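The values are calculated or read from the model by the stated rules, or taken from the named source; none is laboratory data. All values derive from a computational prediction rather than experimental measurement. Positions of Cβ are backbone-derived with ideal geometry, glycine not excepted, and every protein chain shown enters the neighbour counts. Surface areas here come from the heavy atoms of the whole protein model, side chains and all, with no ligands, DNA or RNA. Shrake-Rupley method; radii C 1.70, N 1.55, O 1.52, S 1.80 Å.
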Amino acid sequence: QAQPVLAPVTTLSHRRRWVLPVAAAAALVLALGIGTTWSALSPTPATVLASATLDAFPDWPDASGEAVVEETPEGTRVVVVSLEVPAGEGGFREVWLIDPDTFQLVSLGIVEGGSGRFTIPAGLDLTRFSVVDISEEQFDGDPTHSGDSIVRGQLSEA
């Protein structure tokens, strides 16, 4: 009967010498990957430029609101509004910026629900158009302000 050929015995400690550095390197690569992904997905916060408390008009005594002007990291300015108001009579709510000296208006858009974000046109001077107004508008085809303001407030620099 032939003798079996035995393989050389390698000690376990010899194998472990490379396991720890490889595991540490893998953990470092994983941590860097997670950190890079997290920072890429985490939005850079906007800078608050101004804000206003929006006070109710007499016909809307239960209404209130707030407006905040933010500048995104890309340089875009937006007005973020929140509005608490009872349901109207089938119209819609529109956000305006008003020049309090000349009463010229710039429409920013329609509030859907109780809040919205509205891009401010590039070059619009917020020191001039410094009043935020939210109005109740009707589906009458008239793009001008209805004269039915719900809330209004003066922007103050942050």
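Quick check: anything in region 36-45 at pLDDT 85 or above and more than 30 Å from residue 141 (Cβ to Cβ)? Show your work before the answer.
Our first condition is that a residue be at pLDDT 85 or above; within region 36-45, this holds for 45.
Going one step further and asking which of them are more than 30 Å from residue 141 (Cβ to Cβ), we end up with 45.
Yes, region 36-45 has at least one match.
The residue list 119, 144 contains one member that is modelled with pLDDT of 95 or more and open to solvent by 30 Å² or more (accessible area, probe 1.4 Å), which is 119. Go through the residues of region 134-146 one by one and say whether even a single one is of a type in the set (Ser, Thr, Tyr), part of a strand (DSSP E or B), touching a His at 6+ places or on another chain (Cβ under 9 Å) and touching a residue at least 24 places away in the same chain (Cβ under 8 Å). For region 134-146, residues of a type in the set (Ser, Thr, Tyr), part of a strand (DSSP E or B), touching a His at 6+ places or on another chain (Cβ under 9 Å) and touching a residue at least 24 places away in the same chain (Cβ under 8 Å): present. The residue list 154, 104, 138 contains one member that is touching a Gly at 6+ places or on another chain (Cβ under 9 Å) and open to solvent by 30 Å² or more (accessible area, probe 1.4 Å), which is 138. Please list, ordered by first then second residue, the pairs with beta carbon atoms under 8 Å, 6 or more apart or interchain, first in region 98-122 and under 17 Å from residue 151 (Cα atoms) and assigned to a loop (DSSP other than H, G, I, E, B), second open to solvent by 30 Å² or more (accessible area, probe 1.4 Å) and not aliphatic (A, V, I, L, M). Matching pairs, first to second residue: 99/128; 100/154; 114/82; 114/84. The residue that is farthest from residue 158 (Cα to Cα), counting only those in region 52-97 that are β-branched (Val, Ile, Thr) and in a loop (DSSP other than H, G, I, E, B), is 85.
In region 73-90, of all residues being β-branched (Val, Ile, Thr), modelled with pLDDT of 95 or more and open to solvent by 30 Å² or more (accessible area, probe 1.4 Å), the one that is nearest to residue 148 (Cα to Cα) corresponds to 80.
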